[in-house]
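Here is the structure we will look at.
The values are calculated or read from the model by the stated rules, or taken from the named source; none is laboratory data. The structure presented is a predicted model; accordingly, all values stated were derived computationally and were not measured. Cβ placement follows ideal geometry from the backbone for every residue including glycine, while neighbour counts extend to all protein chains displayed.
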Amino acid sequence: MIGVSIVFIFLIVAMSVQIFVLHADWATHITLIFATVVAAAVAMYYGYTWDDIQEGILYGSNLAMLPMLILMMVGVLIATWIPAGVIPSLIFYGLKFISPSMFLFSVALVCSIASLATGSSWTTGATFGVAFMGIGFGLGIPAAMTAGAVISGSIFGDKMSPLSDSTNLAAGVAEADLFDHIRSMMYTTGPALVISLILYLILGMRFSGAEIDISAINVILEGLKANYYISPVTIIPPAIVVYLAVKKYGGLMVMVIASLIGAAFAMIFQGYSLASVMDFMNYGFVSDTGVAEIDALLSRGGLQSMMWTVSLGFIALSYGGLLEKTHMLEVLLGSIKGMVKTTGGLVMTHVMSSIFVNIFSASQYMAIIIPGRMLVPVYKEKKLLPQVCSRVAEDSGTVTSPLVPWGLCGVFFTGALGVATMEYFPYVFLAFLAPIITIIYGYTNKFMFVEGSIKSVRTYSDSDKLSS
């Protein structure tokens with residue numbers, strides 16, 4: 001237990017120095033490498049050989065392989081869907097839902113559509129969010145309320161979109177299939193979004209008499225229509241993705257097919273050459289419409305854009321694999337077994353651990369990775385499906401990240417929207433509802449899927465057979 005304590009104390013101290021002393025938020029990879037070195041040294045002190053340590057590192061890397069390949073293809077997919085007109089069309093039609101009498105409701109709904117299409121809460125918040133803040137100010141709606149609606153909608157896509165890095169990361173950490181993970185989240189995120197929209201509708205009723213200035217929205221609509229192929233035809237690629245997901249094709253196959261279709265659309269409808277499309281797929285698409293909001297929103301994607309997250313995923317899961325194979329996580333779990341005797345206790349422990357890591361590390365990635373890998377063995381013991389673990393990870397790690405004032409998401413949204421974290425805090429309804437709903441499900445045993453209860457691409461039993 002002393003060795004395990006040294007490993008985790010070092011991680012805590014190293015993270016603290018990195019974030020609060022060096023202010024080096026970008027250095028998480030290096031901190032984890034140092035932590036891996038310390039863990040390896042402790043393991044060797046207790047008798048493990050270098051071959052044992054390398055086996056653990058490779059075990060973790062193998063867990064990361066498929067989700068990281070999918071994540072790389074997500075970058076390629078985004079870079080083809082934008083010039084193909086797919087993402088611009090989704091955003092265009094989403095903006096059409098703006099209603100003067102339901103502003104806060106519309107803000108949350110449009111931001112959820114935009115973030116679902118792009119897979120990025122930050123991009124949505126920095127573009128549509130900024131525009132909505134200006135409109136809300138003109139209507140006399142408190143900025144904190146508008147910001148709360150923007151963030152609720154934005155983080156919806158960040159945890160539900162197959163294009164999101166956090167969605168892919170959570171599935172990878174829990175060893176779940178990507179689309180099984182997304183389907184599982186519908187049981188918690190779906191009700192959370194619906195309740196949030198109802199609350200925004202009620203909250204916004206007092207402002208229903210105000211006149212809305214849609215000039216900022218019209219500029220975006222006109223810019224999209226003038227520069228991109230806006231047509232219902234562009235709904236075909238997303239429809240194919242949904243069809244393939246329903247048919248339970250693997251996430252990697254779906255991403256490859258969708259990317260190729262997007263590339264074909266970009267050449268057919270937008271007139272791009274094959275060389276240009278290949279450049280987009282590698283380095284990302286750069287929008288040049290002259291409309292700042294559009295260009296900021298649609299200049300993204302590409303294989304290279306995903307390398308930061310991919311490398312973090314490999315390093316973090318290699319660290320976790322080392323801790324698993326040297327039984328350090330098993331020792332740590334022994335100290336909290338009393339809290340996870342029941343399914344409800346397991347979910348509560350997972351949620352609280354994720355929130356704690358979010359507060360401490362200032363990183364939603366760490367909030368997904370560390371508690372997730374620590375508790376996967378307990379989910380295995382209880383014969384729960386991997387998508388239950390990944391769902392709880394997102395219901396706690398992803399959605400609460402904007403509520404931490406010093407966290408990356410909290411700092412970003414405060415800077416982009418001009419509202420302090422503690423001011424918009426009470427109005428980010430989705431961030432409160434998702435953890436509450438997932439805890440209720442844990443204690444009532446609702447939608448806590450065990451092996452054999454529903455069809456699942458992956459189970460922990462299957463993964464154990466493959467690794468043995």
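If you scan segment 253-292, which residues turn out to be over 19 Å from Thr234 (Cβ atoms) and of a type outside the set (A, V, I, L, M)?
Selection gives Ser273, Asp279, Asn282, Tyr283, Gly284, Asp288, Gly290.
Testing Thr189 on (1) buried (at least 24 other Cβ atoms within 10 Å of the Cβ); (2) modelled with pLDDT under 90; (3) in a helix (DSSP H, G or I), one condition comes back false. Which one is that?
Tallying (1) buried (at least 24 other Cβ atoms within 10 Å of the Cβ); (2) modelled with pLDDT under 90; (3) in a helix (DSSP H, G or I), Thr189 fails exactly one: (2).
What residue, among those in segment 243-276 that are of a type in the set (Ser, Thr, Tyr) and part of a loop (DSSP other than H, G, I, E, B), is nearest to Phe179 (Cα to Cα)? I'd like the intermediate steps shown before the answer.
Within segment 243-276, the first condition is being of a type in the set (Ser, Thr, Tyr), and the residues that meet it are 243, 249, 259, 272-273, 276.
Pick out the ones that are also part of a loop (DSSP other than H, G, I, E, B) and you get 249, 272-273.
Numbers: Tyr249: 9, Tyr272: 31, Ser273: 32 Å.
Ranking the candidates gives Tyr249 first.
Among the listed residues Ala131, Ala126, Ala176, Ala114, which satisfies the condition of being part of a loop (DSSP other than H, G, I, E, B) and not β-branched (Val, Ile, Thr)?
Ala176 is the lone residue from the list that is part of a loop (DSSP other than H, G, I, E, B) and not β-branched (Val, Ile, Thr).
Would you check if there is a residue in segment 158-171 being polar (S, T, N, Q), in contact with a Phe, Trp or Tyr (Cβ under 8 Å, 6 or more places away or on another chain), assigned to a helix (DSSP H, G or I) and within 18 Å of Tyr424 (Cα to Cα)?
Just the residues of segment 158-171 that are polar (S, T, N, Q), to begin with: 161, 164, 166-168.
Keeping just the survivors that are in contact with a Phe, Trp or Tyr (Cβ under 8 Å, 6 or more places away or on another chain) gives 166.
Filter once more, keeping what is assigned to a helix (DSSP H, G or I): 166.
Restricting the remaining residues to those that are within 18 Å of Tyr424 (Cα to Cα) gives none.
There is no residue in segment 158-171 that is polar (S, T, N, Q), in contact with a Phe, Trp or Tyr (Cβ under 8 Å, 6 or more places away or on another chain), assigned to a helix (DSSP H, G or I) and within 18 Å of Tyr424 (Cα to Cα).
Of the residues that sit in segment 411-468 and are of a type outside the set (Phe, Trp, Tyr) and on the phi > 0 side of the Ramachandran plot, which one is modelled with the highest pLDDT?
So the first thing to find is which residues in segment 411-468 are of a type outside the set (Phe, Trp, Tyr), and the list is 411, 414-423, 426, 428, 430-431, 433-440, 442, 444-446, 448, 450-459, 461-468.
Now drop any that are not on the phi > 0 side of the Ramachandran plot, which leaves 418, 445, 452.
On the way: Gly418: 85, Asn445: 94, Gly452: 86.
Of everything passing the filter in segment 411-468, Asn445 is modelled with the highest pLDDT.
Could we say that Gln387 is modelled with pLDDT under 90 and under 18 Å from the mean Cα position of the chain (by Cα) here?
Spelling it out, it is not the case that Gln387 is modelled with pLDDT under 90 and under 18 Å from the mean Cα position of the chain (by Cα).
Given the criteria within 20 Å of Ser112 (Cα to Cα) and hydrophobic (A, V, I, L, M, F, W, C), does Leu385 qualify?
no
Would you mind telling me which numbered condition in (1) within 25 Å of Gly190 (Cα to Cα); (2) touching a Pro at 6+ places or on another chain (Cβ under 8 Å); (3) among the hydrophobic types (A, V, I, L, M, F, W, C) Ala420 fails?
The number of the failed condition is (1).
Would you please list the contacts, defined by Cβ atoms under 6 Å and residues six or more apart or on different chains, that run from a residue in segment 120-135 that is within 14 Å of Ser164 (Cβ to Cβ) to a residue that is β-branched (Val, Ile, Thr) and crowded, with 20+ Cβ neighbours inside 10 Å?
Once the first residue is within 14 Å of Ser164 (Cβ to Cβ) and sits in segment 120-135, its partners that are β-branched (Val, Ile, Thr) and crowded, with 20+ Cβ neighbours inside 10 Å give Ser121/Ile155; Gly125/Val150.
Determine, yes or no, whether Ser390 is buried (at least 24 other Cβ atoms within 10 Å of the Cβ) and more than 30 Å from Gly204 (Cβ to Cβ). Before the answer, list the steps.
Values: buried (at least 24 other Cβ atoms within 10 Å of the Cβ): yes; more than 30 Å from Gly204 (Cβ to Cβ): yes.
Answer is yes for this residue.
So, Tyr249, is that one at pLDDT 95 or above, farther than 30 Å from Met133 by Cβ and not aliphatic (A, V, I, L, M) or not?
no
Cβ contacts < 9 Å: first residue acidic (Asp, Glu), restricted to segment 437-461; second residue assigned to a loop (DSSP other than H, G, I, E, B) and surrounded by 13 or more Cβ atoms within 10 Å (Cβ to Cβ), any location; separation 6+ or different chain. Result?
Close Cβ pairs (under 9 Å, with a partner that is assigned to a loop (DSSP other than H, G, I, E, B) and surrounded by 13 or more Cβ atoms within 10 Å (Cβ to Cβ)) amount to Glu451/Lys383; Glu451/Leu385; Glu451/Thr459.
Only one of these is over 23 Å from Ile368 (Cα atoms), in contact with a helix residue (DSSP H, G or I) (Cβ under 9 Å, 6 or more places away or on another chain) and surrounded by fewer than 20 Cβ atoms within 10 Å (Cβ to Cβ): Gly284, Gly290. Name it.
Sole residue among the options that is over 23 Å from Ile368 (Cα atoms), in contact with a helix residue (DSSP H, G or I) (Cβ under 9 Å, 6 or more places away or on another chain) and surrounded by fewer than 20 Cβ atoms within 10 Å (Cβ to Cβ): Gly290.
Find the residue count for segment 275-302, including only residues that are at pLDDT 95 or above and more than 15 Å from Ala84 (Cα to Cα).
Residues that pass the stated criteria total 2.
Going by what's in this entry, would Tyr229 be described as out of contact with any Leu (no Cβ under 9 Å at 6 or more places or on another chain), modelled with pLDDT of 90 or more and among the hydroxyl-bearing types (Ser, Thr, Tyr)?
Yes.
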